[in-house]
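Colleague: Can you keep this structure in mind? I'll have questions shortly.
No lab work stands behind these numbers, since they all come straight from the coordinates. Note that the structure is predicted; figures quoted are calculated from it, not measured. Counting neighbours? That spans all protein chains shown, and the Cβs are built from the backbone with ideal geometry, glycine included.
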Amino acid sequence: MSLSDLVLSIADNKQMLGLRYAEWATRAPSLEADIAAAAMGLDDLGHSRVLYGCLEPLGEDPRGPDRETDAGSLRSLPYFDEPWTEWGQFVAANSILDTAFTTMIEACVSGSVEVLRHRLRKMLMEERYHFLHGRSWLRSGIDAQPLTRAWQEAIEWFGPPDGETAQLHEDGRLSMGPKELLARLEERVETKAPDVKVDWSHWDPVRRRARAGAIDERTFAMLRGLEEKKFAPATAQPKEA
């Protein structure tokens, strides 16, 4: 496991978070929330592109050809495997998972790797609005189930106490390890994490998740379409008669 693997995990999760946000752009409880969902979705899709762009300068790009055909090769959390059906799922992702990803980005920016320090710093400023939006809706109250699940997956995503995240922290490439990341997340959302148990023996260190599964087929097809469009020619040449 390398720093590139971690950055790819952040990128894949930011991409999926952006897509799931965007799905609520016309379904949120208010017009203001609709607009916020659309704006945050665009932000996170843009952030994922910046993160993907950091892989080559880091010296290793872990993306393989299986990403074109196998949804299980993507490194996103189980929380994003299926579209959300309740607003509470959106709020839990916005307040806990989005903030967890930002906390890890903060650890990258304050670490010793120059490309991450330089390219990701602006991202922290742009994420502040996401944090304020999530905190506001969290304070209005949501069901416990999606909130507990978001906390569980955030803790799993930070990694085990003696795993590669801890080693990257020890090496100085990250400014925080799993313990510090969780403490920072709790500080930011102003609440303690629920008492969740993680069975690290089932944890996948590549995908940073303890549950098998993958994003739904419709979403995976849409992602592949976005990739094809990204690499398509800007203009098509008209066919001769």
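Colleague: Got a number for residues in segment 138-172 being among the hydroxyl-bearing types (Ser, Thr, Tyr) and more than 16 Å from Thr191 (Cα to Cα)?
Modeller: Number satisfying all stated conditions: 1.
Colleague: I need a count of the residues in segment 144-194 that are β-branched (Val, Ile, Thr), farther than 20 Å from Ser76 by Cα and touching a helix residue (DSSP H, G or I) at 6+ places or on another chain (Cβ under 7 Å). Steps first, please.
Modeller: Of the residues in segment 144-194, the ones β-branched (Val, Ile, Thr) are 148, 155, 165, 189, 191.
Now drop any that are not farther than 20 Å from Ser76 by Cα, which leaves 189, 191.
In the following step, the residues that additionally are touching a helix residue (DSSP H, G or I) at 6+ places or on another chain (Cβ under 7 Å) were identified as 189.
Residues flagged as β-branched (Val, Ile, Thr), farther than 20 Å from Ser76 by Cα and touching a helix residue (DSSP H, G or I) at 6+ places or on another chain (Cβ under 7 Å) within segment 144-194 amount to 1.
Colleague: Something else: Out of Asp143, Asp162, Asp195, Asp171, I need the residue that is within 28 Å of Ala39 (Cβ to Cβ) and of a type in the set (Asp, Glu). Which one?
Modeller: Sole residue among the options that is within 28 Å of Ala39 (Cβ to Cβ) and of a type in the set (Asp, Glu): Asp143.
Colleague: Just checking, does segment 80-93 include any residue being more than 20 Å from Arg27 (Cβ to Cβ) and part of a helix (DSSP H, G or I)?
Modeller: Filtering segment 80-93 for residues more than 20 Å from Arg27 (Cβ to Cβ) gives none.
No, segment 80-93 contains no residue that is more than 20 Å from Arg27 (Cβ to Cβ) and part of a helix (DSSP H, G or I).
Colleague: I need the full set of residues from segment 102-143 which are closer than 21 Å to Leu168 by Cα, part of a helix (DSSP H, G or I) and of a type in the set (S, T, N, Q), in order please.
Modeller: Correct list: Thr102, Thr103.
Colleague: Using the structure shown, decide if Leu185 is out of contact with any Gly (no Cβ under 7 Å at 6 or more places or on another chain) and more than 24 Å from Val109 (Cα to Cα). Lay out the reasoning, then the answer.
Modeller: Numbers: out of contact with any Gly (no Cβ under 7 Å at 6 or more places or on another chain): yes; more than 24 Å from Val109 (Cα to Cα): no.
So Leu185 fails the test.
Colleague: For segment 144-198, list the helices (runs of 4 or more DSSP H) that sit wholly inside it and hold at least 2 residues that are among the acidic types (Asp, Glu) and within 16 Å of the chain's Cα centre (by Cα); which are they?
Modeller: Output list reads 144-158.
Colleague: I would also like to ask the following. Taking Leu97, is it touching a Cys at 6+ places or on another chain (Cβ under 6 Å), buried (at least 21 other Cβ atoms within 10 Å of the Cβ), touching a residue at least 12 places away in the same chain (Cβ under 8 Å) and assigned to a helix (DSSP H, G or I)?
Modeller: When the stated conditions are applied, Leu97 does not pass them.
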